[in-house]
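A short worksheet on the structure shown next.
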Amino acid sequence: MTDRELNRRVFLSRSAAAAAGAAALTTMPAWVGPASAEASPTKRPPNVPDVDVRPAAKADPTEATVAEAITLLRRRRLTAVDLVEAHLDRITKFDSAYQAFNAVTADSARAQARTADRSSGGVLNGIPLCIKDNYYTAGVTTTANSFIFASFVPPYDATSVARLKAAGGIVIGKGQMGPLATTRATTPNGTITTVNAWTPGTPSIDPGGSSTGPACSVAGRMATSSIGTQTGGSIVNPSNQQNLTGLKPTMGRTSIYGVIPLSYTRDHSGPLARDALDAAIMMTIMAGPDRNDPRILGLPDVPDLITAAVPVRRRGTVVLRRPTTIGVPPDYLTGVSAAVVALRSGFLDTLDGIPGATVVHVGYPGDWSLMTGTFNNVRLSERTEPFLPFLKQDPKLFGVSLLSWLQGLFLSGDEWITGQRAKNHLLREVLDGVMSSCDVLLQTGPVPFDILGLPELGFPIGFAAIGAEPKVPSGTILGGRPYEEDRLLEVVAAYQAVTSWHTQRPADPVLPAAGARRAAAPDAEPLRLTPEQAAALSA
Amino acid sequence: MAVDPAALTTDQLNTFITSRLVLSGIDLSLLPTAPDPTTGAPTQAQVLSSLRSFVLSNPVAINAWRPRPPADTVDATVLSQELSPPLEYPSITEAWTGEATGR
């Protein structure tokens, strides 16, 4: 690195800090700052190969993956209008049960679909997408399920949204979320909204948070794909809970410009998709430098994620694209139900049977629980700082989520710095220790790699019964080295080529008869989180 | 340890917490004294209880940790200053320092 390059980074970092300080003083909804997001990074459009389209997707376009829909649209076996209308029809029928959307942009989606059918457009031309409600969407209310943003209409699109739209993607609606991206989706006062699409009659079953609505919209076939954000598991957890494939990239791979902040050093944006290839397509469009997010400048080029997500076959046998050693941590087969242990064991056996894959057991350092447990709370100061004006105005604006915003005031500056030291310490423990004998590492929770900004890919490995619900998705998380999302996609693409969990979709919810209340437990009070639960569960 | 955080009384902690909130410009009295289903916001008592628990557990655990030189190092506390310099963005730094391959 030259001195000039280094100085440029220092300058950009300081400029960003100054801009962040100014923004914190801005009263909603007035806006000062860059006029628009960077929609088109200087890169070639991604090349998405045609894929074999499953009969289910030919029969019903809401069954299709992004890659299948692209293939059908290219072959003129499907129109964008029909694709969008099919999803809008399901939203009309079923979202009263799912409660996945905060807003449905039906009119603009229909108009864009008509335009898409008259143009060649970008790679996502005509594909309906759900956008988590903490991404700025120009002219469309962006609430983050918070009293604070209840009437906020952004003046521009977040960079990720702008890029997806520039690629032809159609925003079909805004997905529900935990208030300010903390827990599973609730109203600001803690009343549970979005359900798990696999268990709509049992709202108590975790649908994963905080990108709950985006996950439910895709699982419930109300959008072909979606994007969410992750600070403490909010992409991979709902993906695991709802049978999806979610990619939380390396910090800096995608811009978070135009995303309502939770913890600035840990907020990641990425897709919640139907399989590894869809996640790769979405990530390829989202990723890359953005002049509005200086942290992500000067980083390694985005690898060919789409090729990485296409499974490789040799003489008809699925093999890993590159020999890859998969690390299994010591708690992978403990601390979960017997049913999940069985699923994880079966998953490891399947993975070990793929030529090119080697499964090894690895250990944690002695201070693992301290570094990834208590030190996780160092992030709390980051959520307090940008929201201090609203805390001063009226702490009730934070509703059920208030406590963790106040906790951030009770870590001193020196303790925050110690937390940043600990990040460096943990990084070396992971990269030079835990991962010294493996290329990728299975995770038993998303937090360690959220702290470090390392990439994670959540994906389905089967189903287990929970209570009276016979079929609840179970997933797992694979973590990688910095900027090696391609390695994660290679492994999961091979696994998904020899399994079919990811192709399964939930049954439609049973709707209440006319005049009745909810289908399940009609006399029950709606479930609510308490402030203490919201703080404990917070991303 | 010359001082013991566990010896702090509830009144002392409440005084600390309310003072810190005031210093940040936050008015605890704006919160309800009884559960408020409309906003879901915690009561004043819930806030104090939660924050007492937080301040007794988190700062102590965090500020007690230091990077450790090898066990037999002389002047370990001094040398710990040189270890694990703070990184806000560890993965990004890994790329900036050339450690990430980024093929």
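Taking every alpha-carbon pair under 8 Å whose residues sit at least 6 apart, chain A reaches a relative contact order of 17 percent. Cα centroid separation, segment B:1-16 to segment B:68-84: 30 Å.
For A:K58, the aspartates and glutamates whose Cα falls under 20 Å of its own Cα, not counting residues fewer than eight places away in the same chain, are A:D50, A:E68, A:D82, A:E85, A:D89, A:D117, A:D275, A:D278, A:D508. Using the empirical formula 2.2 N^0.38 Å as the baseline, the Cα radius of gyration of chain B reaches a ratio of 1.65.
Out of every Cα-Cα pair that segment A:158-210 contains, those further apart than 17 angstrom amount to 49 percent.
When only alpha carbons are used to place a centre, segment A:361-390 and segment A:127-154 end up 27 Å from one another.
As a rough guide to protection, the peptides A:129-140, B:75-86 ranked by mean Cβ packing within 10 Å, highest first, stand as A:129-140, B:75-86. A crude spin-label estimate for the pair A:V336 and A:N47, with each label 7 Å from Cα along the Cβ direction, gives 3.8 nm. Contact order, relative form, for segment A:245-359: 21 percent (alpha carbon pairs under 8 Å, 6 or more residues apart, mean separation divided by residue count). Normalised Debye scattering of the protein assembly as shown at q = 0.08, 0.12 Å⁻¹ gives log10 I(q)/I(0) of -0.56, -1.33, counting only Cα atoms as equal scatterers and leaving out solvent.
In segment A:256-376, taking the dipole from charged Cβ atoms about the Cα centre, the farthest positive-side position among A:G356, A:M283, A:V336 is held by A:G356.
When you look at the Cβ of every residue in B:32-40, what mean number of other chain Cβ atoms sits within 10 Å?
On the way: counts 1, 0, 0, 2, 3, 4, 4, 12, 19.
Average neighbour count from other chains, rounded to a whole number: 5.
Using the Kirkwood radius built from alpha carbon pairs, what does the Stokes-Einstein equation give as D for segment A:97-188 at 10 °C and 1.306 mPa s, in µm² per second? Here the translational diffusion coefficient equals 117 µm²/s.
The phi-based Karplus calculation (6.51 cos²θ - 1.76 cosθ + 1.60; θ = phi - 60°) puts the 3J(HN,Hα) values of segment A:269-281 at 10, x, x, 10, 10, 8, 7, 5, 5, 4, 4, 5, 4 Hz, whole numbers, x for Gly and Pro.
Each distinct pair of alpha carbons in segment A:328-428 adds a 1/r term; the inverse of their mean, the Kirkwood radius, is 17.2 Å. Close amide H partners of A:S225, meaning residues 5 or more places away or on another chain with modelled amide H under 5 Å apart, are A:C130. Based on C-alpha pairs under 8 angstrom that are at least 6 apart in sequence, chain B has a relative contact order of 16 percent. Helix B:10-23 and the longest principal axis of the C-alpha atoms of chain B enclose an angle of approximately 80°. Applying a threshold of 30 Å to the alpha-carbon distances of A:K248/A:K392; A:K396/A:K471; A:K93/A:K132; A:K165/A:K248; A:K165/A:K423 flags A:K248/A:K392; A:K396/A:K471; A:K165/A:K423 as lying beyond it.
Every helix of 4 or more DSSP H residues in the protein assembly as shown counts as -39500 (n - 2.57), and over all residues that averages to -11000 deg cm²/dmol at 222 nm.
Each Lys and Arg adds +1 at its Cβ and each Asp and Glu adds -1 at its Cβ; summed about the Cα centre, chain B shows a dipole of about 160 debye. Per-residue mean of foreign Cβ neighbours for A:385-395 is 3 (Cβ atoms of other chains, 10 Å radius). Sorting A:319-325, B:64-70, B:29-35, A:143-149 by average packing, meaning the other beta carbons within 10 Å per residue, from highest down gives A:143-149, A:319-325, B:64-70, B:29-35. With a cut-off of 10 Å between beta carbons, the residues surrounding A:L124 carry a summed charge of +2, where Lys and Arg count +1 and Asp and Glu -1. For segment A:417-539, the carbon plus sulfur part of the accessible surface works out to 57%, probe radius 1.4 Å. With the charge dipole of the protein assembly as shown set up from +1 on Lys and Arg Cβ and -1 on Asp and Glu Cβ about the Cα centre, the Cα lying farthest toward the positive end among the listed residues A:A534, A:M222, B:S50 is that of A:M222.
The charge dipole of the protein assembly as shown, taken about its Cα centre with unit charges on the Cβ of Lys, Arg, Asp and Glu (plus for the first two, minus for the last two), comes to roughly 1540 debye. The mean number of Cβ atoms from other chains found within 10 Å of a Cβ in peptide B:52-65 is 6, as a whole number. Within the shell of other residues whose beta carbon sits under 14 angstrom from the beta carbon of A:P154, the net charge comes to +1, with Lys and Arg scored +1 and Asp and Glu -1. In the context of the full set of protein chains, chain B has a per residue accessible area of 58 Å² (1.4 Å probe). Available extension along the chain between A:T358 and A:L511 is 50.4 nm, counting 0.36 nm per residue and deducting the alpha carbon span.
Rounded to the nearest whole Hz, the Karplus-based 3J(HN,Hα) values (6.51 cos²θ - 1.76 cosθ + 1.60, θ = phi - 60°) of segment A:179-194 follow the sequence x, 6, 6, 9, 10, 4, 5, 9, 5, x, 8, x, 6, 5, 10, 4, with x at glycine and proline.
Give me the dipole magnitude in Debye, nearest 20, for segment A:127-247 about the Cα centre, with unit charges on the beta carbon: positive for Lys and Arg, negative for Asp and Glu.
160
The values are calculated or read from the model by the stated rules, or taken from the named source; none is laboratory data. Only a predicted model underlies this, so the values are computations on that prediction, with no experimental measurement involved. Neighbour counts are summed over all protein chains in view; Cβ atoms, including those assigned to glycine, are modelled from backbone coordinates with ideal geometry. When the accessible area is computed, the model is the full protein with side chains, heavy atoms only, and any ligands, DNA or RNA have been set aside. Shrake-Rupley method; radii C 1.70, N 1.55, O 1.52, S 1.80 Å.
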